[in-house]
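Okay, structure first, notes after.
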Amino acid sequence: MVKKINVLILASVIGFLAFSAIQAYLINNTYKLKKDAFLNETRRSISRLDDFSPILDSINDIWQDRFLVAVSEYEQQKLTRDSLLSQLKKETQELDEDYRIAYKAEMKNNGVVYDLQFHKRVRTIILLDSIQNDTLFYSEPAKDGFRLIGDDFKREDGHRISNSLWLTDHTYQVQEGDSTVSKSYDLQFETVDVMNIDGWKRIVLNQLKGLLIISISIFLFVFGLLYYSIKNLITQKKIADIKTDFVNNITHELKTPLATLSLATKMMKKDAILESAEIVKSTIGTIERQNIRLQKLIDQVLHNSLGYTEIQLNKETTNSATYLSQIISDFEIAQADKDLTLTKEWAPSSPEITIDKFYITTAIVNILENAVKYGGTQIKVSTRLEGKDFIIAIQDNGQGISSKDKKSIFDKFYRAGNKEIHDVKGLGLGLYYTHQVIMAHGGEIRVDSKVGSGSTFTIHIPK
Ligand code: ADP
């Protein structure tokens with residue numbers, strides 16, 4: 001049974017984990033698809049924006065014209081390659097501000113409302129020549145060169161939009177001696193457009209909000225259901241165990257008086273016994289006692305399983321010391337055959353208490369009987385006042401209760417220790433009943449115990 005439940009719990013947990021993993025995988029996939037769709041859509045909206053915008057086009061014209069002149073100077077060896085590139089960077093950066101403002105305005109016109117940054121990067125600049133090309137700048141495709149114009153952000157934060165190739169030829173005049181000579185070159189200028197959408201993750205997640213809320217709700221619902229089912233399963237199993245223990249205990253308890261009864265009736269059938277009035281009397285006495293014992297057992301089961309809400313109290317006000325002394329002297333008489341030391345210590349001025357004497361007596365006797373049953377030879381009953389509570393403390397020097405058992409001893413049918421051992425008789429109902437009676441009085445009961453040293457049960461009753 002335990003094995004079956006464990007397998008069931010394990011299977012449910014594995015199933016739940018698999019379900020969670022699949023859900024996480026699906027959400028992640030949807031996120032990636034949404035992200036790609038969003039980026040593609042943005043790319044489409046802004047791709048070649050500067051080709052179709054007159055302002056952006058004219059800004060591009062400015063740096064391009066200046067660069068062509070600078071390349072002519074490079075051709076005439078008036079400029080080195082490095083200073084040519086520095087000049088290009090310097091001139092485009094001067095135009096950055098205007099470019100950015102114009103680009104933002106264009107984006108707005110194209111329906112891009114979120115915060116988007118854009119820049120152009122230089123990949124290659126090559127002077128084309130039929131004999132040998134002159135590479136002025138080259139960058140690995142993955143690195144995308146340097147920022148030419150536009151917003152300043154790290155390449156890693158951006159997404160590539162498109163590549164553009166600017167192919168042009170340029171003719172310039174050179175003074176050679178007295179004559180002016182016309183020279184020309186062909187140029188290939190490759191750029192990459194890169195965008196960086198600030199908070200794009202938030203935008204995509206926002207688009208997924210509905211799906212995420214539903215998924216998390218389903219996840220929590222299934223988790224709750226599983227948790228509840230497993231908890232229920234364990235509780236049911238505990239109850240089933242407790243019931244089995246109870247049936248075992250009660251069977252054992254009933255067996256002894258029944259065996260004695262059967263023996264006594266067998267004896268009564270014998271003629272020899274019937275002839276002696278004394279033996280008949282004593283046998284009838286035995287039958288009577290066993291009968292009372294059986295009746296008591298049945299009453300215990302019927303009575304002691306009442307819940308505190310079912311207990312009808314009939315309260316009366318009584319002097320605490322007189323009432324408790326009476327219970328203790330009755331108990332001493334009942335336990336006369338045992339070597340027991342009972343001490344008492346009453347609260348000064350022995351206050352009046354309002355209780356149902358019948359129920360509280362049974363509750364206290366249950367605790368006293370347990371003290372003796374579980375090894376106590378010295379019992380101390382004391383009372384005191386604590387705020388508005390009247391306290392009755394019953395202390396014994398018995399075997400004590402482990403902290404694990406302490407939590408459960410007030411539960412119905414609970415018996416501490418090894419359930420197989422029947423050397424101490426009981427049904428696990430006494431403390432449950434005591435607890436219910438105290439609760440019906442609006443009070444509470446606590447136990448303080450140490451294995452091997454004894455236990456103290458403290459009853460709080462509102463005065
Ligand atoms: P039972 O019929 O088993 O005595 P109770 O409800 O009266 O049932 O007690 C529950 C369990 O609490 C007992 O089985 C016993 O293990 C433990 N217990 C109760 N009182 C004491 C005590 N004074 N000392 C040690 N253990 C105790």
- Checking the range 254-354 for GluC sites (Glu not before Pro) in a loop per DSSP with at most 15 other beta-carbon atoms within 10 Å yields GLU310
- What is the list of residues in the range 114-140 whose amide nitrogen lies under 15 Å from a point 7 angstrom out from the Cα of ASP152, following Cα to Cβ? 118-120
- Task: Can you tell me the FRET efficiency between MET439 and ASP405 if r is taken as the Cβ-Cβ distance and R0 is 22 Å, rounded to the nearest 0.05?
- Result: 0.60
- Computed, not fitted: 222 nm per-residue ellipticity of the chain from DSSP H runs ≥ 4 (each -39500 (n - 2.57)), nearest 500, equal to -18500 deg cm²/dmol
- Note on the structure: Over its alpha-carbon atoms, the chain yields an Rg and a Dmax in Å of 48.1, 168
- Note on the structure: The summed charge of the THR171 Cβ neighbourhood (under 14 Å; Lys/Arg +1, Asp/Glu -1) stands at -3
- Message: Taking amide H atoms as placed 1.01 Å from N in the peptide plane, list the residues 5 or more away in sequence, or in a different chain, whose amide H sits under 5 Å from that of ILE149.
- Response: LYS120
- Note on the structure: As straight-line cross-link partners of LYS201, the qualifying lysines (C-alpha separation under 27 Å, not fewer than 8 residues apart within one chain) are LYS32, LYS34, LYS35, LYS104, LYS108, LYS120, LYS143, LYS154, LYS209
- Item | Contour minus Cα-Cα distance for LYS270 and ALA142 (0.36 nm per residue) | 34.9 nm
- Under 13 Å from the SER47 label point (7 Å along Cα→beta-carbon), backbone N, the range 148-176: 160-164
- Treating the beta-carbon of each Lys and Arg as +1 and of each Asp and Glu as -1, no other charges, what is the dipole magnitude of the chain about its Cα centre, to the nearest 20 debye? 3060 debye
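Each value in this text was obtained by applying a stated rule to the coordinates, not by laboratory testing. In this text the structure is predicted, and so the values were computed from the model without any measurement. Note that we place each Cβ from the backbone using ideal geometry, even for glycine, and neighbour counts take in every protein chain shown.
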